[in-house]
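The values are calculated or read from the model by the stated rules, or taken from the named source; none is laboratory data. Note that the structure is a prediction, hence the values are computed from the model and not measured. All Cβ positions, glycine included, derive from the backbone under ideal geometry; neighbour counts span all protein chains shown.
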Amino acid sequence: MKDAEDPSGTAAPAAAQAAARVLRILTFVRPEELTKALLLTLNSFLIIFGYYQIKAVREGLLLAAHSASVKSYLAIPQAVLLVFVIWGFAKLASKVPRHLLITWVTLFCISNLLIFDLLNLAGVSVSILGIAFFIWIGMYNQMIPAQFWGFANDIYDEEQGKRIFPLIALGASLGGVSGPLVARKLIPVFGSYGMILTTAGILGFTILLSWAIHRLDLREDREGTGRPAESKASPLLPSGGFRLIFKSRYLLYIALMIGLYNFINALGEFMFSDLQQKMALRELGTAATGSVALQNAIGTAFAGYQSLGNTIGLGIQLVLVSRIFRWVGVAGALLFLPVIALGGYGYAAFGASLVLLKWIKAVENGTDYSLMKTTRSALFLVTRREEKYKAQAAIETFFVRAGDALCAGVVWAGTAALSFSMEGFAAVNAAGVGLWIFLCVLIAREHRRKKAAARE
């Protein structure tokens with residue numbers, strides 16, 4: 001039976017066959033594909049789980065000493081920083097093979113986390129560290145996942161990716177659900193900087209997993225899949241991520257779509273953060289500004305909110321993602337999140353409250369972390385190898401932060417000049433979703449063209 005064979009033609013172990021049958025509840029994975037797919041799933045789980053140990057910390061450090069609008073303004077230095085990060089990533093990717101690329105980028109992030117911990121021990125104020133950490137994590141939380149998904153795209157072709165990506169993304173969804181739950185319990189015990197050290201340790205383990213996956217992939221290629229293993233062990237061709245994007249309409253549309261969506265997401269996040277901060281100050285009193293009590297209160301509240309969104313995302317990942325891919329394809333799956341966002345922000349434009357925004361953002365983020373993230377990653381299955389790493393990294397970092405920077409401008413105009421209410425900001429988001437849907441249609445058209453060209 002074909003599904004029960006490994007790449008060398010021998011029967012797959014009975015345990016692998018049984019596991020593959022169980023996973024058909026989620027998606028179809030052949031027994032011979034199982035080991036590598038599960039290692040990638042574990043890797044994606046640890047990346048997102050580790051990130052959520054410090055995501056709530058980020059909110060506590062910043063909002064304990066600064067207003068919620070500062071979050072939006074900090075997108076501007078984040079975007080500037082990412083120009084240099086993307087340039088350095090592209091240079092490194094052209095010099096070292098993929099497993100060393102992942103190693104050096106991850107070690108760089110680990111060293112940065114240790115530096116933040118040392119700065120705290122040296123007595124640097126939370127006002128300064130909160131801003132610095134927020135800017136830094138804006139690079140980290142986009143670069144590490146983008147690097148991982150470039151790696152996954154390099155391993156699978158489109159047929160395999162459409163089947164296996166829902167499983168790999170399930171790992172990220174599980175990390176997103178368990179991460180905030182653990183963080184909510186540990187932040188009051190270990191404090192913000194103890195959580196930073198926890199994430200550093202988790203990242204170290206992901207390096208070992210990446211090496212194991214890389215070697216397994218090359219070994220499978222050598223054992224008869226017919227794919228050129230040597231190219232995967234070689235550095236990428238020299239080319240910048242931005243140059244690749246502006247040479248391709250398909251990549252440019254993806255970049256613009258992701259930038260616009262992140263603007264909408266960030267504006268919604270500002271609305272929720274502003275109301276959450278005001279609620280915490282009402283409960284603790286304005287004298288608590290900058291205090292550890294306020295840091296922990298906000299961090300704990302955000303961990304609960306993030307847990308709700310990630311639980312919704314896990315349900316979508318388990319039940320819907322692979323089925324949506326089968327029903328409407330990768331390109332069609334792009335339209336689900338903007339339709340949800342249009343309904344949520346359209347409703348909030350007529351009356352916004354903390355509870356309403358919490359649920360709007362939780363549903364939006366849950367769909368983003370599951371269906372949208374899997375779909376965004378799968379869009380690169382039809383691209384060239386350099387585009388999978390360099391262009392995807394540029395899109396998932398700079399263009400994401402460019403959307404944040406645009407949000408910063410709207411927040412400044414809405415708060416300082418136009419005196420927008422929360423309903424006014426929600427109306428801006430509802431209008432932006434219309435353009436988002438239009439870009440999704442353009443991407444779907446280009447995706448069909450690329451698939452047709454590949455078949456020819």
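If you check Glu446 against the conditions, is it modelled with pLDDT of 90 or more and of a type in the set (Asp, Glu)?
Yes; evaluated as a whole, the condition is true for this residue.
Can you report the number of residues in segment 386-409 which are over 16 Å from Ile264 (Cα atoms) and of a type in the set (Gly, Ala, Ser)? Matching residues across segment 386-409 total 3. A single member of Ile128, Ile135 is surrounded by fewer than 22 Cβ atoms within 10 Å (Cβ to Cβ), touching a residue at least 12 places away in the same chain (Cβ under 8 Å), within 22 Å of Asp404 (Cα to Cα) and aliphatic (A, V, I, L, M), and it is Ile135. Of all helices (runs of 4 or more DSSP H) completely enclosed by segment 1-81, which ones contain at least 1 residues that are modelled with pLDDT of 70 or more and surrounded by 20 or more Cβ atoms within 10 Å (Cβ to Cβ)? Passing ranges, in order: 34-63, 68-73.
One residue stands out in segment 153-197 among those that are of a type in the set (Phe, Trp, Tyr) and part of a helix (DSSP H, G or I): the one that is surrounded by the fewest Cβ atoms within 10 Å (Cβ to Cβ), namely Phe190. Residues in segment 404-434 that are closer than 18 Å to Ala255 by Cα and either exposed (fewer than 15 other Cβ atoms within 10 Å of the Cβ) or of a type in the set (D, E, K, R) (or both): Asp404, Gly434. Given the structure, is Arg227 modelled with pLDDT of 80 or more, over 19 Å from the mean Cα position of the chain (by Cα) and either exposed (fewer than 15 other Cβ atoms within 10 Å of the Cβ) or not in a helix (DSSP H, G or I) (or both)? Judged against the criteria, Arg227 is not a match.
If you go through segment 316-338 one residue at a time, how many are of a type in the set (A, V, I, L, M) and either assigned to a loop (DSSP other than H, G, I, E, B) or closer than 18 Å to Val428 by Cβ (or both)? Quick ask: steps written out before the conclusion?
Within segment 316-338, the subset of a type in the set (A, V, I, L, M) is 316, 318-321, 324, 328, 330-331, 333-335, 337.
Subsequent filtering for residues that are either assigned to a loop (DSSP other than H, G, I, E, B) or closer than 18 Å to Val428 by Cβ (or both) retains 320, 334-335, 337.
Number of matching residues: 4.
Kindly indicate whether any position in segment 185-192 is modelled with pLDDT under 90 and at positive phi. Taking every residue of segment 185-192 in turn, at least one turns out to be modelled with pLDDT under 90 and at positive phi.
Every condition in (1) closer than 27 Å to Ala56 by Cβ; (2) surrounded by fewer than 21 Cβ atoms within 10 Å (Cβ to Cβ); (3) β-branched (Val, Ile, Thr) holds for Ile360 except the one numbered (2).
Being under 20 Å from Leu203 (Cβ atoms), in contact (Cβ under 8 Å) with a residue 60 or more places away in the chain, among the small types (Gly, Ala, Ser) and in contact with a Ser or Thr (Cβ under 7 Å, 6 or more places away or on another chain) is a property that Ala146 has. Of all residues in segment 398-442, those that are at pLDDT below 85 and under 15 Å from the mean Cα position of the chain (by Cα) total 2. Could we say that Leu197 is modelled with pLDDT of 80 or more, at negative phi and in contact with an Asp or Glu (Cβ under 9 Å, 6 or more places away or on another chain) here? Taking the combined requirement at face value, the residue satisfies it.
Of the residues Thr311, Thr300, which single one is at pLDDT 75 or above, at negative phi, polar (S, T, N, Q) and in a helix (DSSP H, G or I)?
Thr311
Kindly indicate whether any position in segment 126-144 is closer than 30 Å to Thr367 by Cα, touching a helix residue (DSSP H, G or I) at 6+ places or on another chain (Cβ under 6 Å) and of a type in the set (Gly, Ala, Ser). Within segment 126-144, one or more residues are closer than 30 Å to Thr367 by Cα, touching a helix residue (DSSP H, G or I) at 6+ places or on another chain (Cβ under 6 Å) and of a type in the set (Gly, Ala, Ser).
Being modelled with pLDDT of 70 or more, in contact with a Lys or Arg (Cβ under 8 Å, 6 or more places away or on another chain) and surrounded by 14 or more Cβ atoms within 10 Å (Cβ to Cβ) is the requirement here; does Ile258 meet it? When the stated conditions are applied, Ile258 passes them.
Of everything in segment 435-456 that is surrounded by fewer than 16 Cβ atoms within 10 Å (Cβ to Cβ) and small (Gly, Ala, Ser), the residue that is nearest to Ser353 (Cα to Cα) is Ala452.
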